[in-house]
1. For the residue pair LYS304 and LEU201, what label-to-label distance in nm results when each label sits 7 Å from Cα along the Cα-to-beta-carbon direction?
2. Given contacts defined as C-alpha pairs under 8 Å and at least six residues apart, what's the relative contact order of the chain, whole-number percent?
3. Only bridges with both residues in the chain count here: give the DSSP antiparallel percent, nearest 5.
4. Please give the contour-minus-distance gain from HIS323 to ARG433: 0.36 nm per residue of separation, less the Cα-Cα distance, rounded to one decimal in nm.
5. Rounded, prolate or oblate, given the Cα gyration tensor of segment 1-103, with a/c below 1.5 counting as rounded?
6. ASP424 versus ASP627, label points 7 Å from Cα toward the beta carbon: distance in nm?
7. Applying a 10 Å radius around every beta-carbon, put 357-369, 135-147 in order of their mean neighbour count, most first.
8. Please list 644-650, 201-207 highest first by mean number of surrounding beta-carbon atoms within 10 Å per residue.
Amino acid sequence: MGRTLQNTMINLGLQNACDEAVYQLGLDMEELEEIEEDAGLGNGGLGRLAACFLDSMATLGLAAYGYGIRYEYGIFNQKIRDGWQVEEADDWLRHGNPWEKARPEYMLPVHFYGRVEHSAAGAKWIDTQVVLALPYDTPVPGYMNNTVNTMRLWSARAPNDFNLRDFNVGDYIQAVLDRNLAENISRVLYPNDNFFEGKELRLKQEYFVVAATLQDIIRRFKASKFGSTDSVRTVFDSFPDQVAIQLNDTHPAMAIPELMRIFVDIEKLPWDKAWDITKRTFAYTNHTVLPEALERWPVDLVEKLLPRHLQIIYEINQRHLDHIASLFPNDVDRLRRMSLIEEGDTKRINMAHLCIVGSHAVNGVAKIHSEIVKTQVFEDFAALEPEKFQNKTNGITPRRWLLLCNPGLADIIAEKIGEDYVRDLSQLTKLHRFVDDDLFIREVAKVKQENKVKFALYLEKEYKVKINPSSMFDVHVKRIHEYKRQLMNCLHIITMYNRIRRDPAKLFVPRTVIIGGKAAPGYHMAKMIIKLINAVAQVVNNDPMVGSKLKVIFLENYRVSLAEKVIPATDLSEQISTAGTEASGTGNMKFMLNGALTIGTMDGANVEMAEEAGEENLFIFGMRVEDVTELDRKGYNAQLYYDRLPELKQAVDQIKSGFFSPKDPNLFNDVVNMLFHHDRFKVFADYEAYVKCQEKVSELYLNSKAWTKMVIRNIAAAGKFSSDRTIKEYARDIWHVEPSDLKIPPPNEPRDAGQDKTPNGTAA
């Protein structure tokens, strides 16, 4: 979520008043804002996307809740020591969190372990361990519409009789100390992005948030006029008309068997009725196609932790496979491919399959990704129910990612086209009229230059490196992962370095290359990539032959509040994943909206950015998905490229020989070995096209006016990438709710009785 103070002031329309009031007190608002800790309760794009969605849902007047876990320790703080990433705990609650309100009155029990008893009355899950879920509510204000939604995060608490209700007369002190075991559930965020780690504590976290949230939703449904009670029992027929639950990836997939358990075991609904309601309630968003990221939980673990849920999953699977068998008799291979249970050395539950079968809608997050989901990853399911599969291209909130982080640019846009674009970003197309307006061109360039100077001062303060603010700011910030190909950027840096040294007199367009992002603590290769970038920076930044022509900086502890500083100062945005691997990307959109040009592959939302702005206004290079597929068919041979391209060979040889690690020449052996023998992401195959494309970038940068005109064309085409547009599509196509642009009267004005009607439908 990042910081909350400035975002709240902007959405409430109070920023100028607050700035002034704080100034009157002899304080500086910006200094005050810098004191707030980031709430870093997610890993990469997926978590930030949810934050943008919350902002858009409130701004569109949807009655929507964001649910998650109140981690005591969020994503780790990254320190760079001697070029290596070192993790520190993110004790973000140390000084308290003024934005949250504990709601102990809504505390709920969550059950684990135990066993299942079957009788004529049905199944009972008994002898369980109970953990309490304590909700903390954080307000989510819409933009200037007096709407405030809620983000409800659950914290784990041990019940007071924890470990004491047993005939365990034993150690009272130990029993109280053991309360930590229960409360560890919400202790710490697992720091993996795009990687599945099948740990018991992680599964506990996933079920914990799901079980608490579903109880909360059902409590709210029963309390509403829709949860009409027939003498004893609630009628749930209208449940899917009043409740929509969006599964953000498969992490909350246990919600499907959990809702079935509530309906069948507790509310005593017949299976078929319960299943119909469940399917109509859930929708699933897929966020990645990388096989190592797909959640596949061992059956043994689920059986131990959630025995009843395993039985329900088996029943769902049986009925699902019976249906497939009736449609495709004797096609055993299809049954194996489509089963929720994967046979093998360890039997596993394929959570994506569970989500697809248990949802009425499945979507990818960019056109190209949704196509890959339909035609490759889940082709059997799409063949069965093509109407279930949709696309919802990601977006970003223009409040945080333009107004808040780049007020200078937001102002000059408003001067030209008015202020309405903040709630309707498609209005940015009006900027096309000013592409040839010399005054506007100068203003856009001036805002960018001011942002660069401000960021350069920040870098000089934090990193003690002298930055040339007129150099091109070439920025690559995102989680460190092989598929995102920070290594390809690194090879380009080495290539530029070698060119400068080979011919120091030759004209060279000065660059400051900024790379930042966290590596998962257990991801060895990602950590080696960080070390390599820092080792290269060490050599480049201290070579007198290079001077101010090329500087390399690794940005420490990349996070939302740092993104808000670097993105507005960026000239060139690096979006260079291997085609077919980045589901969407959202950083790409933030850079586009903030006046950077994009160098990128035809991957994720880059494809749609090129479609909106015109491919000639982005620097697109490299293999397309078809080329990657064809290269896989032929077999990728890295050696071929190394032998054919002298500059690539020189760069790789330098890494290999210890040119960048003289004290330990073999330091980067693992990296070089990977690049030659098991590079799934084909860095060498795109190297030549990338370097040539970078030459075109430098050439355009020399012509400041032509560069800025291309920038304006990009900003004018960025309107599609508002999360407001994304959420309108979810609301219309999946949740079946209507956004409302009614501005609720502020609390100090009396409300008409007629205005008090609740609009039909609730998106949860």
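1. 1.5 nm
2. Working: 1300 pairs, mean separation 116.7, N = 764.
Once divided by the residue count of the chain, the mean separation gives 15 percent.
3. On the way: 35 of 73 bridges.
Antiparallel bridges make up about 50 percent of those DSSP assigns within the chain.
4. Values: separation 110, 0.36 × 110 = 39.60 nm, distance 5.70 nm.
Gain in length upon complete extension: 33.9 nm.
5. Values: a/c = 1.98, a/b = 1.17, b/c = 1.69.
Here segment 1-103 falls in the oblate category.
6. Distance between label points: 4.0 nm.
7. Output ranking for 357-369, 135-147: 357-369, 135-147.
8. Values: 644-650: 14.6, 201-207: 19.6.
Result, highest mean Cβ count within 10 Å first: 201-207, 644-650.
The values are calculated or read from the model by the stated rules, or taken from the named source; none is laboratory data. Predicted, not measured: the structure shown is a model, and the values here were computed from it. So basically every Cβ, Gly included, is an ideal-geometry build from the backbone, and we count neighbours across all protein chains shown. Keep in mind that these areas ignore ligands, DNA and RNA; they rest on the heavy atoms of the full protein, side chains included. Shrake-Rupley method; radii C 1.70, N 1.55, O 1.52, S 1.80 Å.
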